[in-house]
Amino acid sequence: MTTTNSRRTARRRLALAACLVLAIATGFGVATAVPLDVASPRQTDAAWVSEETGTLTASAGTVSPAATTCEGRNGAPNLLHLAASEDGLPVSGYLVTITVDQAEPNGWDSGQTSEGYPLIPANTPTYVPATTSTAAWGITGGWNATWTGDVSVEAIGPGGWTSSAVSHDWSIGFDFLGAGYGACT
């Protein structure tokens, strides 16, 4: 014997089964089981209808070594005269390194000379602006001793590019009376 409730239940089950078959047939039930990024590629109307062209010009330059002269002086610090080379890219400054062949002396001068030239420290690469025409280094005091070394200069151009180094040999000494002398080649 069938009752109204059992007929309703049977109709509900039949409607539910029909909806499930329809959902599977249209792909609604599969969407959660398959990742979204696995969708098949589809054709679009996008396309290039013309080409693009461009022009590029480039130039290269070099940072030329600094034009330097070195001057040894008796009784005063040695001088390094700096000038940018007439060739090459503009120079923003110089990297000056003064090395001492022996142990660094106790009386290494610092600050500036009486003429106003900056004194470069020993064994430390030092940036000198391009507006500086002369730099110096020296030793105060001493007795019957001579120090020797090398001064090298690299010109610094745009972007921090540097030139090859220009080097000079130098010496500063004191005779047995304490009188100072200097040489730079």
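Please work out if TRP147 is surrounded by 14 or more Cβ atoms within 10 Å (Cβ to Cβ) and of a type in the set (Phe, Trp, Tyr).
Values: surrounded by 14 or more Cβ atoms within 10 Å (Cβ to Cβ): yes; of a type in the set (Phe, Trp, Tyr): yes.
Judged against the criteria, TRP147 is a match.
Determine which member of the set LEU22, LEU79 is at pLDDT 90 or above and among the aliphatic types (A, V, I, L, M). Spell out how you get there, then give the answer.
Details: LEU22 fails: at pLDDT 90 or above.
Criteria check complete, one pass: LEU79.
From the list GLU154, GLU115, exactly one residue is under 14 Å from LEU80 (Cβ atoms) and more than 21 Å from the chain's Cα centre (by Cα). Which is it?
Numbers: GLU154 fails: more than 21 Å from the chain's Cα centre (by Cα).
Checking each option against the conditions leaves just GLU115.
Assuming THR4 fulfils every condition listed in (1) modelled with pLDDT under 90; (2) within 23 Å of VAL151 (Cβ to Cβ); (3) of a type outside the set (A, V, I, L, M) apart from one, which condition is it?
Evaluating THR4 over (1) modelled with pLDDT under 90; (2) within 23 Å of VAL151 (Cβ to Cβ); (3) of a type outside the set (A, V, I, L, M) leaves (2) as the failure.
The values are calculated or read from the model by the stated rules, or taken from the named source; none is laboratory data. The shown structure was predicted, so the numbers you read here are calculated from the model rather than taken from an experiment. Cβ sites come from the backbone with ideal geometry, for glycine too, and all protein chains shown count toward neighbours.
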